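The next block holds one structure in the form of C-alpha cells; read it before the comments.
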Amino acid sequence: MSGPVRESAWREFAKGWWRENPVFIAVLGLCPALAVTASLRNALVMSGATAFVLIGASLVVSALRHVVPRQVRISVYIVVIATLVTAVDFALAAWMPVAHRELGAFIALIVVNCLILGRQEAFASKNRPVLALADAAGMAGGFALSLCMIGAVRELLGNGRVLGLRVLPAAYEPWAVMILPPGGFFALGLLLTVFAWLRERAEQRRRAEQARVAAAARSGGGAP
Amino acid sequence: MRGELIWIFASACLINNFTLTYFLGLCPFFGVTGRLATALRLGLANIFVMTITAGAAWLLERFVLPWVPYLRLISFILVIASTVQFVEMLIRKTSPALFRALGIYLPLITTNCAILGLALFATNRGYGLLASVIYALGAGVGLLLALVLMASLREEAALAPVPRLVRGTALSFFVAGILSLAFMGFAGLFHGVVE
C-alpha cells in the first residue's frame with residue numbers, strides 16, 4: 001500500500017470514533033442504540049453484529065460500485081445488507097441463543113439501521129474497498145463506543161452494577177427508570193449534555209488563551 | 001374474538017407504543033417533528049404503509065416462507081420498498097402539494113424500522129390476517145400519536161427559556177423520555193379485562 005492511501009485510510013478510520021460519531025454527532029442508528037442498551041452485555045453483542053454487517057456490506061458495495069446501475073442502487077444495498085443480517089441472525093441463534101432471545105427482533109432490524117445504509121450511499125459506493133473498509137471499521141467502532149457508553153450509564157444508574165459486577169455500594173437506591181424505556185432517552189440526553197458542556201469548556205479555554213496571546217502581543221507591540 | 005382485537009389495537013397503540021417503548025421509528029420521531037403539520041401527514045402515510053405491509057407479511061409467512069425461511073428479511077423489506085414506491089406515486093398523482101411537503105421523508109419510510117418491526121412482530125406472534133391488520137392499524141395510530149405529541153411539545157419548547165447547554169438534540173431526548181414515562185402509565189390499562 002502506498003503512503004497517501006495508508007494515510008487517508010487511517011483518516012477515514014479515525015473520524016468515525018469520535019469526530020463524526022454516528023450516534024452522538026450524526027444522531028443515526030438511534031433505535032438499536034436505545035433499545036438494546038439496558039445492559040452492557042447486550043450492547044456489546046449488538047455492536048458486534050452491527051460491525052459485521054456494516055463492514056461486510058461496505059466491502060461488497062465498494063467492490064461492486066462500477067457494476068450496480070444508479071437507479072437500483074438502494075435496492076441492491078438493501079438486499080446485500082439483508083443477506084448479511086440473515087447470516088448474523090442464524091449464527092447468533094445457533095451460538096448465542098440467550099443473547100439472541102434477549103435481543104429478539106432487534107438483530108433482524110439491523111437491516112433498517114440507517115447508519116449502515118447511510119454509509120453505503122455516502123461512502124462505500126464512491127470509494128475503493130480499502131477506504132470503505134477503513135470507514136466502515138471506524139464507524140462500527142464509534143457505534144460500539146456509544147452503545148457501550150449508553151449501556152454502561154444505564155446499567156450503572158439503574159442497577160448499581162456494570163456487566164453484572166456491583167460498582168456502587170449496596171446502599172445505593174437504583175433508579176429503576178434507567179433500565180426501563182424512558183431511561184434510554186434520559187441516558188442519551190444526559191450524555192449529550194455532558195458532551196456539550198465539555199465542548200463549551202474547551203471552547204472557553206481556547207478563547208481565553210487567544211485573548212491572553214493577543215493581549216501579550218498588544219502590550220509587547222511597542223517593543224522592537 | 002372482538003374483545004381480543006380491541007385488546008391488540010389498544011396494546012399496539014398505547015401500552016406497547018412502537019416509538020416510546022420499543023424505540024422503533026426514532027428517525028422520523030426526531031427528524032420531522034419540528035413542525036406539527038408535517039408530522040401529522042407523515043404519520044398518516046405511515047399508517048397506510050404499515051397496514052399494507054402487515055397484510056403482505058401475513059400472506060408471505062403463510063404461503064411462501066415455510067419453504068424458504070431464509071428469505072424472510074429480504075422478502076419483507078422488498079414488500080415494504082415496493083409499497084412505499086406505490087404510495088409515493090399515488091401521492092404525487094393525487095396531491096402534489098402534500099408530495100412536496102413530505103419531501104425526503106416519504107422514501108425514507110422504507111428504512112423506518114417501525115414498519116419492518118411490525119412485520120416481524122406480527123409474524124412472530126402468529127397473528128391471523130385480521131389480527132395482523134388490526135395490529136398494524138394500532139401501531140400506526142400509536143406512531144401518529146407519538147409524532148403529533150412530540151411535534152406539539154417541540155413547538156412549545158422552541159419558545160421556552162431553556163438552559164443553553166441542553167438546547168437542540170439533548171432537549172428533544174429529555175422531552176421524549178418524559179413522554180415515554182407518561183406512556184408507561186398505560187401499562188395497567190385493561191388489566192382486569194384480559195386476565
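Placing one equal scatterer on every Cα of the range A:29-70 and applying the Debye formula, the log10 ratio I(q)/I(0) at q = 0.17, 0.26 Å⁻¹ is -0.57, -0.83. With chain B treated as a Gaussian network of Cα nodes joined by springs under 10 Å, which of B:ILE91, B:ILE74, B:ILE52 yields the largest mean-square fluctuation? Maximum fluctuation in the GNM of chain B, among the listed residues, is at B:ILE74. Considering all C-alpha pairs of chain A, those separated by over 21 Å amount to 62%. Note on the range A:103-150 and the range A:30-81: Cα centroid distance 5 Å, given to the nearest whole angstrom.
Could you tell me the convex hull volume per residue, in Å³, taken over the Cα atoms of chain B? Let's see the in-between values first.
On the way: hull volume 24.8 nm³, N = 195.
With only Cα atoms used, chain B gives 127 Å³ per residue.
With +1 assigned to the C-beta of every Lys and Arg and -1 to the C-beta of every Asp and Glu, and no other charges, what is the dipole magnitude of the protein assembly as shown about the Cα centre in debye, to the nearest 20? The partial results should precede the final answer.
On the way: 34 positive and 18 negative charges, 237 e Å.
That gives the protein assembly as shown a dipole magnitude of about 1140 debye.
Build a GNM of chain A with springs between Cα atoms under 10 Å apart, and of A:ALA33, A:ALA137, A:ALA170 the one that fluctuates most is A:ALA170. Computed from label points 7 Å out along Cα-Cβ, the spacing between A:VAL130 and A:LEU168 is 4.9 nm. With no solvent and one point on each alpha carbon, what is the Debye value of log10 I(q)/I(0) for the range B:90-195 at q = 0.18, 0.19, 0.20 Å⁻¹? One equal scatterer on each Cα of the range B:90-195 leads to -1.17, -1.21, -1.24.
Around the amide H of A:VAL162, modelled in the peptide plane, lie the amide H atoms of A:VAL167, all under 5 Å away and 5 or more residues distant in sequence or on another chain.
For chain A, the residue among A:ILE150, A:VAL27, A:ALA51 whose Cα projects farthest onto the positive side of the dipole built from Cβ charges is A:VAL27. Both radii are taken from the alpha-carbon atoms of the protein assembly as shown; with Rh as the Kirkwood radius, Rg/Rh is 1.01.
Just checking the listed ones, B:LEU106, B:LEU145, B:LEU78: in the Gaussian network model of chain B with Cα springs under 10 Å, the one fluctuating most is B:LEU78.
Looking at the range B:64-102, which chymotrypsin sites (Phe, Trp or Tyr not before Pro) are in a loop (DSSP not H, G, I, E or B) and have at most 16 other Cβ atoms within 10 Å? Provide the component values of the computation, followed by the final result.
Working: sites: B:TRP67, B:TYR70, B:PHE76, B:PHE86, B:PHE99; in loops: B:TRP67.
Qualifying residues, ordered by number: B:TRP67.
In sequence order, the range A:136-149 has phi-based couplings of 5, 5, x, 5, 4, x, x, 4, 4, 4, 5, 4, 5, 5 Hz under the Karplus curve 6.51 cos²θ - 1.76 cosθ + 1.60, θ = phi - 60°, and Gly or Pro positions carry x. Computed with the Debye formula from one identical point scatterer per Cα of the range A:136-224, without solvent, the log10 of I(q)/I(0) at q = 0.12, 0.15, 0.25 Å⁻¹ comes to -0.58, -0.72, -1.15.
Just so you know, all these numbers are worked out from the coordinates, no wet-lab data involved. Every value quoted in this text rests on a predicted model; they were computed, and no experiment measured them. As a convention, Cβ positions derive from the backbone with ideal geometry for all residues, glycine included, and neighbour counts pool all protein chains shown.
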